[in-house]
Amino acid sequence: MPATEFFFRYCDGKLTDESFNDAGNAFAERYYGDDGLYLSDYAEGFESLMYVAPESSHDFSKFSAILDSRLASGILTKSQAKARPWWRGW
């Protein structure tokens, strides 16, 4: 299922602080916040697709690897990181 469909079907089209646990919220704040690395990571991985390609053209596995790498890089303290990635709610 595409992420957009998931967000609209199960999250009312948005993510909030109730969507994640404490570690997920801490990561999201650091990664997507004002000084976060999300846009630079996205541009580096998908520059030719930014703002022009449909979601189906993006490689979810590749972006998942970017997220896992950022999580492992210490963007969170070890006590905040969990064995299961924060973005996997299942």
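Please treat every number below as a calculation from the coordinates, not as lab data. Note that this is a predicted model, so its numbers are computed, not measured. Neighbour counts are summed over all protein chains in view; Cβ atoms, including those assigned to glycine, are modelled from backbone coordinates with ideal geometry.
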Of residues in segment 15-47 being out of contact with any Lys or Arg (no Cβ under 7 Å at 6 or more places or on another chain) and of a type in the set (A, V, I, L, M, F, W, C), the one surrounded by the most Cβ atoms within 10 Å (Cβ to Cβ): PHE27
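Regarding GLU5, is this residue of a type outside the set (Ser, Thr, Tyr) and assigned to a helix (DSSP H, G or I)? Steps first, answer last, please.
Details: of a type outside the set (Ser, Thr, Tyr): yes; assigned to a helix (DSSP H, G or I): yes.
Judged against the criteria, GLU5 is a match.
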